[in-house]
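Worksheet: the structure to be examined is printed underneath.
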Amino acid sequence: MSLFSYNIKAMIQTNSAKAWFLAARPKTLTGAAIPVMTGCGLAVAYGHFQWIPAILCFLFAFCMQIDANFINDLFDYLKGSDRSDRLGPERACAQGWITPKAMKKGIFISSLIACVIGLCLLYYSGWIMLPVGAACLLFAFLYTTGPYPLSYHGWGDVLVLIFFGFIPVGCTYYVMSHEWNVSTTAASLACGLVIDTLLMVNNFRDREQDAISGKRTIVVRWGSKAGLILYFLLGLAACWCCFYFLFEGKLAAALLPQLYLWPHILTTKEMAQINRGKELNKILGKTSRNMFLFGLLLSLGLILM
């Protein structure tokens, strides 16, 4: 452990408010905001937007993201995956900021709050959304826990497409409109693909440590070069999905997201140059910035018609 890391750890009191704030990983909330923002853009475009269900959708997405972060933090620690050679941002349990017992209570509380918000959303969506909410909670656990933890067997990218694409975009739109159209499918796929770039950076950076831990991500299976190519293609494919909106007469929704490609290309080149090590964490930050730009441009394009 470096002297800097030791000093940071020493400044954070165990189970303090600051420790919980860091454990929630606020920077990851961008990934929760983008699909809901896009779903709201669709609702505005088709004349169905409502403020209260929109706010509830944002709160549910944020709460589920924090809940998943807590679950991931605890169970990766219990599995021994968060070792001293970890390259990514520090984890709360591994650093001693949050005790495992306290984290279990935090998971229970965040899960409970998410359930309460989800039940409020049923007033607007009807009971058809109940299985979807249950699936969100279930897979937050199955991602890292159980006899077959999905993230350890290469299913992370598929789950991102579903739980950061089709479910949050589609369900946000459905809650307000009670319908699903092809535009919803195109926007959901675009969001899922662009948010998967964030997971790809994590897996690219951690490929050597993941291989030791038995975590069989796509990058571990196919190699670092494939991971780099996939990172670029995910962003490109997200932009291509937006061209569907030309058929709907929504020129801005088709063209504005293409502005994302330039920073995405620059970030891909920088990622290739760095290749390995903790320095890739700055690519994580730039990827988060890029995908937020994409979500903002797509949402704006939908609103502008």
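Taken together, the values in this text are just the output of simple stated rules run on the coordinates, not laboratory data. Since we're looking at a predicted model, the values are computed, not measured. Glycine gets a Cβ as well: all are built from the backbone with ideal geometry, and neighbour counts include every protein chain shown.
Quick notes on this structure:
- Shape class of the chain from the alpha-carbon gyration tensor: oblate, with a/c at 1.5 or above and b/c at least as large as a/b.
- Converting phi to 3J(HN,Hα) with the Karplus coefficients 6.51, -1.76 and 1.60 and the offset θ = phi - 60°, region 55-70 yields 5, 4, 5, 5, 5, 5, 4, 5, 5, 5, 5, 5, 4, 5, 5, 4 Hz in sequence order, with x at every glycine or proline.
- Each residue of region 98-105 is assigned a 3J(HN,Hα), and the resulting list reads 10, 6, x, 4, 5, 5, 4, 5 Hz, derived from the Karplus form 6.51 cos²θ - 1.76 cosθ + 1.60 (θ = phi - 60°), x at Gly and Pro.
- Degrees, to the nearest 10: 130-142 long Cα axis against longest axis of the chain: 20
- Taking the chain as a Gaussian network of alpha-carbon nodes connected by springs under 10 Å, the highest mean-square fluctuation of the residues Ile162, Ile218, Ile12 belongs to Ile12.
- Scaled against 2.2 N^0.38 Å for its residue count N, the alpha carbon radius of gyration of region 85-129 is 1.74.
- Equivalent ellipsoid semi-axes - Cα gyration tensor, region 49-187, angstrom: 30, 17, 12
- The chain: angle of helix 29-45 to the longest principal axis, Cα-based, in degrees nearest 10: 0
- Normalised contact order of region 15-304, rounded percent, pairs of Cα under 8 Å and 6 or more residues apart: 24
- Low-density loop positions, chymotrypsin sites (Phe, Trp or Tyr not before Pro), region 125-200 - DSSP coil, at most 15 other Cβ in 10 Å: Trp180
- The Rg/Rh ratio of region 212-284, with both radii computed over alpha carbons and Rh defined as the Kirkwood radius, is 1.11.
- Of Lys104/Lys282; Lys27/Lys278; Lys215/Lys282; Lys27/Lys250; Lys105/Lys286, pairs whose Cα-Cα distance is over 21 Å: Lys104/Lys282; Lys215/Lys282; Lys27/Lys250; Lys105/Lys286
- The loop-placed chymotrypsin sites (Phe, Trp or Tyr not before Pro) in region 217-305, going by DSSP, that have at most 14 neighbouring Cβ atoms within 10 Å of their Cβ come out as Phe247.
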